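Chemist: Have a look at this one.
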Amino acid sequence: MGKVTKVSNRFFSLNKSIKRSILSAMDGDTIVIRKGTYEEDRALVIEKSIELTGNKQHVFIKSPIVIKNGAKVKMNGITLHHLEGYHNGIEILNGSLELEDSVIEHIKDRGIYVSQGGTLKVSKCRISENNCGIYSKGFVEIEQSTFSQHLDPQIFISGGSAVVRQSKIHSGKGNGLRVIEKGQLTMEDCLIHGHDEFSQISIEEGSSLELKNSKVYDGYEGIYVGSSTIEVEGSELAKHEIPHVKLINRSEMSLSKTKLKDGNGNGIQLIEESKGTIENCSVHGHMDYTHISLRDKSVLTVKNSKIYDGHGAFFVDDSKLELIESEVYNHQLTQLLLKNGSEMLAWKTRIMDGQGRGIQLGENSKGEIRDCIISGHRYYHQVVIANSSLQLAHTKIYDGLGAVSIKQSYIEIMDSEIYNHAEPQINAIHGTVMMDHSVVRNGKKVGMILRKKSIGVIQHCQFFENESYPQLFLDEHVKITMKDSTIYNGGSVGIFIRNHCKGKMENCSIYGHNKVEAQIMVKTSDHMQLKDLHITKGKVGIFLIDSSPTINFCEIEEHERGEIGINSNSNPEILNGDYELVTMQYQKN
C-alpha cells in the first residue's frame, strides 16, 4: 500500500501543487486534494499508477491531465473545467483511467481523449458542454453517468469499443453517440434523447451496435446505420422527425422485443441492399409515412410482431419482405404496398381493418400468402395485383368492399375461402386465375368476374349464395376451363358467359338459381363446351342467346320452364343427350 499525500491551496498549506505531488509520487500512492480551485502552469502529466481523490464537486482543476507510459490512474471527486488554451480535458495516450464521481465541462474540444490502446472507465460522472464529451480509439466503459449539451458527438468511438450502462445521453447539438471505422458499441439500460439536428446514434463504416433495454426518443433521427450492423433488444424508439432506424449501404439489423412508435417519418427504413429481422416487436403511430420502408434490393423478415395505427404498414420497392405470424392493422392507406419487382411472403399473418387496401402488388412484383386472414378493408379491393403474380393458399379473405382485383396479372388461389364482400369478390381483367379447392360465397354481388381476355382454370371449387349478380361472370374473349366444381343457391344467374368467350366446363354441379331465367346463360359465345354438367332446380337450365355451344352428356332436370332455352340465333350442338329446347326472348335486366 502506497503513501498518502495531501494537497491544499489554503494559505498555510505546505503543499499547494498537484503537479509536484504527481512528480514525487510512486506507483500505488494516493494524492488527496482538498476543497478549492487549482490551476497549474502546464498540463498534469501522469506516468505512474496513482490515485487522485477530491471532494466530489468541490475540487476544481483548470489544467489538462495527460496519462501515458502505461500508467493506471484512478480519479474521483474532481471537476475539470474552463481550460484556457488547451483542447482536451484528459488525454489517455497509453494507459488507463478510472474516473468516478467527477465532472468535466466547458472544454474547448474533447472532454476526454482515449488513444488506441488506452482504456477508460467512467462511473457516476457528468460530462457536459464541451465540444465533444469522449473521443476514443481505445476501450471505454461508462456506467451511471450523464452526457449533455455538446456541439459534436457526445460520445465518439473511432475504431475502438465502448460499453455504456445505466447512463443518460441527452440535449446535444451533434450525435448522441457516433461509431466509425469498425468500432463496437454496447449499450444497456440507457436513455438517449434531445438531439434535434443529427441522429441520436450513428453507426458507420463497418461498426456495430448492441442496444438493450434502452430508450431513444425525442430527436431528429433515432439510429443511423451505414455499412454496419445493429442489434436492438427490449428497447423503445419514439418521437423522431425522420426514421427511428435507418439502414443504408448493405447494413444489417436485428430488432427484438422492441417498440417503435409515434414518429413523423418512417419507423424503419432499409435501403441499398440492407437486411433486417424484426421479432416480437410493435411498430405504430407513424401517421405521415409508412411504418417500414424497403428499397434498393433490401430484405426484411418480420416475425411475431404487430404493425398498426399509421399511414401505411410497408412500402417495398425492388426489395423482399417476409411477414411471419404477425398482425398488420388499422392503417389509413394500403397496408402492404409492393412495386418494382419486389417479393413478399406472408405466412400465418392477420392483415385487417384498414381504411385503404390490404395488399397491393405492382410492376412485376411477386407474392405468396399462406395461412393468412385478410379482412375489413374499406377500399376496393382487399388484395390488388397489377402486372404481378400472387400465390394465395389456405387463406381467408372476408368483410370488405371486394376481395381480389387482378389486372394483367397471374394468381393461384388454393384451399382458400373468400366471402362477404359488398362488390365483386374476385375481379380479373387481362388476368390469369388458377383456382383449386377454394370457396367464393356470400357476396352481395358477383362471386367472380373474368373479363377482357382473361384466362380461368377452376377446379374443385364452390361458388354459392352470391346474392344479386351472376356467381361466375365471363365477359369479352375469356378462356375458361372449369372442372369438378359446384355453383349453387345464388340470387341471380349461376354462370353468365358472353362476348366471344371460349373453353370447357366439365363435371360440375349447378343448382338452386330459381329467381331469374336460367342457371347458365351463354350470349354471343359459340366456342364453349359444356360436358357432364349436373344442372337442377331452376327456371331454365341453360339459356343460349346468339350462341351455339356444344352440350355433351349433361343432366338437366327439375326446371320450371324447360331444360334449354334458345333464341332465334342459337343452334347448339347436342351430343349424347335428349333435351327439351324452349324458344325464349332475352330481356336485359
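Chemist: Students often forget the sequence filter, so: which aspartates and glutamates lie under 15 Å Cα-Cα from Lys444 once same-chain residues fewer than 8 apart are removed?
Modeler: Counting by Cα, and skipping residues close in sequence, Lys444 has these aspartates and glutamates nearby: Asp399, Glu423, Glu465, Glu467.
Chemist: Efficiency by 1/(1 + (r/R0)^6): what FRET value for Gln408 and Glu557, r their Cβ-Cβ distance, R0 = 41 Å, to the nearest 0.05? Can you show the working numbers first?
Modeler: On the way: r = 41 Å, r/R0 = 1.00.
Rounded to the nearest 0.05, the efficiency is 0.50.
Chemist: Find out how many positive minus negative residues lie around Ser509, taking Lys and Arg as positive, Asp and Glu as negative, among other residues whose Cβ is under 14 Å from that of Ser509.
Modeler: Once positives and negatives cancel, what remains is -3.
Chemist: Let me ask something additional. Quick check: Cα centre of the stretch 207-221 to Cα centre of the stretch 425-450, how many Å?
Modeler: 47
Chemist: Hey, another quick one. How much area per residue is accessible in the stretch 155-297 when the probe is 1.4 Å and only protein heavy atoms are counted (Å²)?
Modeler: Details: 5400 Å² over 143 residues.
I get 38 Å² per residue for this part.
Chemist: So how much slack lies between Gln332 and Arg20, counting 0.36 nm per residue of separation and subtracting their Cα-Cα distance, in nm? Numbers along the way, then the final one.
Modeler: Numbers: separation 312, 0.36 × 312 = 112.32 nm, distance 7.08 nm.
Full-extension gain reported as 105.2 nm.
Chemist: Related question: Taking square-rooted eigenvalues a ≥ b ≥ c of the alpha carbon gyration tensor, is the stretch 279-428 rounded, prolate or oblate, where a/c under 1.5 means rounded and, failing that, a/b exceeding b/c means prolate?
Modeler: Numbers: a/c = 1.42, a/b = 1.20, b/c = 1.19.
Rounded, because the longest to shortest axis ratio a/c is under 1.5.
Chemist: Could the peptides 545-557, 264-276 be put in order, highest first, of the mean number of other beta-carbon atoms found within 10 Å of their residues?
Modeler: Values: 545-557: 19.2, 264-276: 22.8.
Per-residue mean Cβ counts within 10 Å order the peptides as 264-276, 545-557.
Chemist: Now, a different point. Calculate one ³J(HN,Hα) per residue across the stretch 224-230 by plugging θ = phi - 60° into the Karplus curve 6.51 cos²θ - 1.76 cosθ + 1.60, and present them in order as whole Hz with x for glycine and proline.
Modeler: 9, 10, x, 6, 9, 10, 10
Chemist: Under a point spin-label approximation (7 Å from Cα along Cα-to-Cβ), what is the Thr37-Ser13 distance to one decimal in nm?
Modeler: It works out to 1.4 nm between the two label points.
Chemist: Determine the distance separating the Cα centre of the stretch 486-530 from the Cα centre of the stretch 98-120; give it in Å without decimals.
Modeler: 84
Chemist: 222 nm [θ] for the chain, helices only, -39500 (n - 2.57) per DSSP H run of 4+, per residue, to 500?
Modeler: Details: 1 runs with 7 residues, N = 589.
That calculation yields -500 deg cm²/dmol at 222 nm.
Chemist: Once the piece of chain linking Ile324 and Glu141 is laid out straight, how much longer is it, given 0.36 nm per residue of separation minus the C-alpha distance between them? Please list the in-between numbers first.
Modeler: Details: separation 183, 0.36 × 183 = 65.88 nm, distance 3.80 nm.
Stretched out fully, the Ile324 to Glu141 stretch lengthens by 62.1 nm.
Chemist: Please compute the contact order of the stretch 352-505 in relative form: average sequence separation of alpha-carbon pairs under 8 Å and at least six residues apart, divided by the residue count, as a percent.
Modeler: Details: 541 pairs, mean separation 22.2, N = 154.
Averaging sequence separation for qualifying contacts and normalising by length gives 14 percent for the stretch 352-505.
Chemist: Heavy atoms only, probe 1.4 Å: what % of the accessible area of the stretch 11-122 goes to carbon and sulfur, would you let me know?
Modeler: On the way: 2500 of 5330 Å².
Heavy-atom surface of the stretch 11-122 belonging to carbon and sulfur, 1.4 Å probe: 47 percent.
Chemist: Give a quick list of trypsin sites (Lys or Arg not before Pro) in the stretch 1-92 that DSSP marks as loop, anything other than H, G, I, E or B, with at most 11 other Cβ atoms within 10 Å. Don't skip to the end; give the middle numbers.
Modeler: Values: sites: Lys3, Lys6, Arg10, Lys16, Lys19, Arg20, Arg34, Lys35, Arg42, Lys48, Lys56, Lys62, Lys68, Lys72, Lys74; in loops: Lys3, Arg10, Lys16, Arg34, Lys35, Arg42, Lys48, Lys62, Lys68.
Filter output for the stretch 1-92: Lys3, Arg10, Arg42.
Chemist: Tell me the accessible surface of Tyr220 in square angstrom (1.4 angstrom probe, heavy atoms of protein chains only), to the nearest ten.
Modeler: 80
Chemist: Related question: Write out the trypsin sites (Lys or Arg not before Pro) in the stretch 370-434 meeting two conditions: DSSP loop, and at most 16 other Cβ atoms within 10 Å of their Cβ.
Modeler: Numbers: sites: Arg370, Arg378, Lys396, Lys407; in loops: Arg378.
Passing sites in the stretch 370-434 are Arg378.
Chemist: Something else: Less than 13 Å apart at the alpha-carbon level, and either on another chain or at least 8 residues along: which aspartates and glutamates does that give for Lys168?
Modeler: In chain and number order, the partners are Glu143, Glu188, Asp189.
Chemist: Loop only by DSSP, 11 or fewer other Cβ within 10 Å of the Cβ. Give me the trypsin sites (Lys or Arg not before Pro) in the stretch 518-588 that pass, ordered by residue number. Before the final figure, lay out each step's value.
Modeler: On the way: sites: Lys523, Lys531, Lys537, Lys539, Arg561, Lys588; in loops: Lys588.
Here the sparse-neighbourhood loop sites are Lys588.
Chemist: Right, here's the next one. For the stretch 377-392, what does the Karplus curve 6.51 cos²θ - 1.76 cosθ + 1.60, with θ = phi - 60°, yield as ³J(HN,Hα) per residue in whole Hz, taken in order and with x for Gly and Pro?
Modeler: Values, residue by residue: 9, 9, 10, 4, 8, 5, 10, 10, 10, 10, 6, 8, 9, 8, 10, 10 Hz.
Chemist: Give the calculated FRET efficiency between Arg378 and Asp484 to the nearest 0.05, with a Förster radius of 41 Å applied to their Cβ-Cβ distance. Let's see the in-between values first.
Modeler: Working: r = 36 Å, r/R0 = 0.87.
So, using R0 = 41 Å, E works out to roughly 0.70.
Chemist: Here's a follow-up. Among the aspartates and glutamates, select those whose C-alpha is under 12 Å from the C-alpha of Lys259, and discard any that sit fewer than 8 residues away in the same chain.
Modeler: Cross-link targets: Glu233, Glu236, Glu279.
The values are calculated or read from the model by the stated rules, or taken from the named source; none is laboratory data. Every value quoted in this text rests on a predicted model; they were computed, and no experiment measured them. Reconstructed Cβ throughout: ideal geometry from the backbone, glycine too, with neighbour counts over all protein chains shown. For accessibility, only protein heavy atoms count, side chains too; no ligands or nucleic acids. Shrake-Rupley method; radii C 1.70, N 1.55, O 1.52, S 1.80 Å.
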